[in-house]
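The structure appears below as structure tokens.
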Amino acid sequence: MEWIATNGTGTIYAFSVTRRGTPTPYCIAYVTLDDGPTMLTNIVDTDLDRVRIGQRVRVVCKKSEGGFSIPMFTPIHDQQA
């Protein structure tokens with residue numbers, strides 16, 4: 001495996017929202033990047049009830065507790081509204 005440059009946009013291939021057993025609901029998803037690869041990631045900064053397969057998303061980097069940036073995705077329409 002290796003790091004590759006990407007334009008940071010893609011489409012949700014599959015997702016799951018977890019609401020039980022955690023203080024805050026979260027969404028994990030497979031996102032197929034426009035550049036080809038599919039990656040497992042989180043969908044963030046959106047109403048989780050509106051997440052859909054086929055939805056267009058763009059990358060956002062979130063800081064982990066250790067200070068590292070982690071690529072996650074947010075729906076593109078939420079950024080334009």
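Condition check: among the aromatic types (Phe, Trp, Tyr) and surrounded by 10 or more Cβ atoms within 10 Å (Cβ to Cβ). Does PHE15 satisfy that? For PHE15, the condition - among the aromatic types (Phe, Trp, Tyr) and surrounded by 10 or more Cβ atoms within 10 Å (Cβ to Cβ) - is met.
So that you can scan it fast, the table gives a plain yes or no per residue for (1) basic (Lys, Arg); (2) over 15 Å from VAL17 (Cα atoms):
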{"site": "ASP35", "(1), (2)": "no, yes"}
{"site": "VAL44", "(1), (2)": "no, no"}
{"site": "ASP49", "(1), (2)": "no, no"}
{"site": "ARG52", "(1), (2)": "yes, no"}
{"site": "ARG58", "(1), (2)": "yes, yes"}
{"site": "CYS61", "(1), (2)": "no, yes"}
{"site": "GLU65", "(1), (2)": "no, yes"}
{"site": "ILE70", "(1), (2)": "no, yes"}
{"site": "ILE76", "(1), (2)": "no, yes"}
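Checked against (1) over 14 Å from the mean Cα position of the chain (by Cα); (2) within 14 Å of HIS77 (Cα to Cα), THR24 passes all but a single condition, namely (2). Only one of the listed residues (GLY54, GLY36, GLY10) is at pLDDT 95 or above and surrounded by fewer than 10 Cβ atoms within 10 Å (Cβ to Cβ). That residue is GLY54.
The values are calculated or read from the model by the stated rules, or taken from the named source; none is laboratory data. Fair warning: this is a prediction, and the values are worked out from it, not measured in the lab. Glycine also receives a Cβ, built like all others from the backbone with ideal geometry; neighbour counts cover every protein chain displayed.
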